[in-house]
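Below is one structure; the comments refer to it alone.
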Amino acid sequence: MASTNANNSESATDAPTKKITLKTADDHFFEVEESVAMEFATVKTFFDDNTETMNGTVIPLPNVSAEYLSKIITYCREHLKFRAESVPEKERKAYDDNFVKELSNEKLREMILASNYLNIRTLLDVLNQAAADLIQNKSVEFVREFFGVENDFTPEEEERLRQENAWAFEGVDQD
């Protein structure tokens with residue numbers, strides 16, 4: 001079992017912050033500040049439903065791997081800091097753009113799934129917009145490949161649909 005400490009360093013004058021321990025699907029542990037964990041609506045609900053028994057409890061995240069939880073924690077910490085410091089929208093948008101720019105198509109899909117499971121609306125909106133921008137004006141084949149969807153139409157059925165809905169295939173970019 002691997003352990004990961006996702007703490008920010010605290011100075012001697014800072015009051016200690018309450019920590020929450022999260023356990024990923026691949027058995028990594030993350031000890032994060034309560035404020036970060038509360039950005040995850042899934043964790044917040046778990047916490048709210050079990051307030052009497054939460055002291056020292058490890059919250060399992062069976063649908064999130066350490067790789068993606070680490071990125072999500074970083075994102076949430078930055079956005080908490082942005083809110084605390086009233087950072088202008090333009091700077092937050094620039095951060096979000098750089099955040100998604102670093103993700104491959106596979107990582108983008110996995111981050112969407114993890115953010116959806118954790119129910120982090122702001123991050124999910126950013127990631128979904130990036131996916132929408134990526135597939136805009138792309139072919140059906142590109143979109144199927146991007147989302148890992150198997151084509152269950154026969155060639156004849158697909159051709160008939162293409163003819164009936166020819167308008168939908170106009171202006172599609174070459175893959």
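The values are calculated or read from the model by the stated rules, or taken from the named source; none is laboratory data. Just so it is clear, the structure is predicted and the values come from calculations on it, not from any experiment. Don't worry about glycine lacking a Cβ; one is built from the backbone with ideal geometry, like all the others, and counts go over all protein chains shown. For accessibility, only protein heavy atoms count, side chains too; no ligands or nucleic acids. Shrake-Rupley method; radii C 1.70, N 1.55, O 1.52, S 1.80 Å.
Brief remarks on what is shown
- Environment charge of residue 147, counting only residues whose C-beta is closer than 13 Å and scoring Lys/Arg +1, Asp/Glu -1: -2
- From phi via Karplus (6.51, -1.76, 1.60), per-residue ³J(HN,Hα) for segment 129-143 in Hz, x at Gly/Pro: 5, 5, 5, 4, 5, 5, 9, 4, 6, 9, 6, 4, 5, 4, 5
- Residue 122 paired with residue 78, simple spin-label distance in nm, labels 7 Å along Cα-to-beta-carbon: 1.2
- Using alpha-carbon coordinates, inclination of helix 66-84 to the longest axis of the chain, degrees: 70
- Lys pairs, the chain - Cα-Cα below 16 angstrom, 8 or more residues apart or on other chains: 10
- Using a simple spin-label model with pseudo-atoms 7 Å out from Cα toward Cβ, residue 113 and residue 67 lie 1.1 nm apart.
- Considering only the chain, percent of DSSP beta bridges that pair antiparallel, nearest 5: 40
- Packing, taken as the mean count of other beta carbons within 10 Å per residue, orders the peptides 73-85, 154-166 from highest to lowest as 73-85, 154-166.
- Protein heavy-atom surface of the chain, 1.4 angstrom probe: 49% of the accessible area is carbon and sulfur, with nucleic acids and ligands not counted.
- Amide H contacts of residue 120 (H built 1.01 Å from N, in plane; Pro and chain starts excluded): 41 sit under 5 Å, all sequence-distant by 5 or more or on other chains.
- Estimated at 0.36 nm per residue, the fully extended path between residue 17 and residue 132 surpasses their Cα-Cα distance by 37.6 nm.
- Subtracting the Cα-Cα distance of residue 29 and residue 57 from 0.36 nm times their residue separation leaves 8.9 nm of extension gain.
- Positive contributions from Lys and Arg (+1) and negative ones from Asp and Glu (-1), summed over other residues with Cβ under 14 Å from the Cβ of residue 92, come out at -2.
- Computed on segment 19-135, the Cα convex hull volume stands at 96 Å³ per residue.
- The long axis of helix 105-118 is offset from the longest Cα principal axis of the chain by roughly 50 degrees.
- Extension gain, residue 139 to residue 164: 0.36 nm times the residue separation minus the Cα-Cα distance gives 7.4 nm.
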